[in-house]
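The values are calculated or read from the model by the stated rules, or taken from the named source; none is laboratory data. As the structure is a computational prediction, the values presented were derived from the model and not from experiment. In this analysis, Cβ positions are derived from the backbone assuming ideal geometry, glycine residues included, and neighbour counts consider all displayed protein chains. Please note that ligands, DNA and RNA were not included when accessible areas were found on the heavy atoms of the full protein model with its side chains. Shrake-Rupley method; radii C 1.70, N 1.55, O 1.52, S 1.80 Å.
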Amino acid sequence: MNLYLRYFDHETLVSSVDEAIDFLRDIDEVSMNPVLEADIREYVASDVFYPKRYKVRPRVYFIIIKTEAETMQDFKEKKAVHVGVQPIPKVAPALVRLNEIRQGWYEGAIDFKRVLLVPGTGKFQYRDTQFVADVKAESGIDCYNRIVDYLRERVDARSQFPSAKGKNFKFRYLGMAKS
């Protein structure tokens with residue numbers, strides 16, 4: 001395991017934590033102290049493969065990256081990418097479920113801000129409201145759209161509806177026949 005370190009145009013590829021600390025000591029702006037040295041040693045000894053950045057001063061950092069690369073050129077050409085890091089999925093599973101076409105009945109629950117008149121004062125206020133309905137729809141997003149369309153016709157136009165992708169809308173598929 002090698003370490004790539006960079007601070008602005010100062011960069012190196014070293015094979016030990018001691019070499020990394022020596023490299024950082026040679027940079028005037030980086031004030032090497034026992035706490036920083038211990039943290040670097042802990043990071044190198046850990047199983048974490050994500051890059052680590054350390055603050056030098058406000059908005060100025062140096063980074064350390066663990067790599068399998070043997071040379072700086074291999075590192076720059078990304079020839080030694082760590083295989084243990086899983087790629088981040090491009091589409092979240094909740095979004096896949098939301099857009100999945102599956103005709104039938106859905107139970108949809110939406111938490112929204114409803115505008116209501118306060119008796120006595122004549123003023124309006126937002127009030128958290130939950131609405132639950134069984135809806136015949138083609139997908140989760142269709143269920144959301146049907147609920148919101150229904151509510152827009154029946155509540156004050158200033159009411160605020162959450163995104164279908166957020167935590168304030170939940171749905172579950174009930175099946176082809178409503179029980």
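Some points to look at:
- Residue pairs whose Cβ atoms lie under 6 Å apart, separated by 6 or more positions or on different chains, with the first residue in the stretch 147-159 and free of Cβ contacts under 8 Å to residues at least 60 places away in the same chain and the second small (Gly, Ala, Ser) and surrounded by fewer than 17 Cβ atoms within 10 Å (Cβ to Cβ), are ILE147/ALA133.
- Selection from the stretch 104-128 of residues that are of a type outside the set (Asp, Glu), within 14 Å of PHE161 (Cα to Cα) and open to solvent by 60 Å² or more (accessible area, probe 1.4 Å): LYS113, ARG114, TYR126, ARG127
- In the stretch 12-33, the residues that are open to solvent by 70 Å² or more (accessible area, probe 1.4 Å) and under 33 Å from the mean Cα position of the chain (by Cα): SER15, GLU29, SER31
A quick yes/no check of all residues on (1) assigned to a strand (DSSP E or B); (2) at pLDDT 95 or above; (3) surrounded by 15 or more Cβ atoms within 10 Å (Cβ to Cβ):
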position: ALA94; (1), (2), (3): no, no, no
position: ARG97; (1), (2), (3): no, no, yes
position: ARG102; (1), (2), (3): no, no, no
position: GLN130; (1), (2), (3): yes, yes, no
position: TYR150; (1), (2), (3): no, yes, no
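- Leading residue by the ranking (nearest to the chain's Cα centre (by Cα)) among those in the stretch 34-54 that are assigned to a helix (DSSP H, G or I) and not hydrophobic (A, V, I, L, M, F, W, C): TYR43
- Breaking point among (1) assigned to a strand (DSSP E or B); (2) open to solvent by 70 Å² or more (accessible area, probe 1.4 Å), for ARG158: (1)
- Some residue of the stretch 79-88 being modelled with pLDDT of 85 or more, β-branched (Val, Ile, Thr) and out of contact with any Leu (no Cβ under 6 Å at 6 or more places or on another chain): no
- Residues that are of a type outside the set (Asp, Glu) and closer than 17 Å to LEU174 by Cβ within the stretch 132-157 comprise VAL132, ALA133, VAL135, LYS136, ALA137, SER139, GLY140, ILE141, CYS143, TYR144, ARG146, ILE147, listed in sequence order.
- From the list GLY120, GLY140, the one residue that fits, being small (Gly, Ala, Ser) and closer than 29 Å to PRO93 by Cβ, is GLY140.
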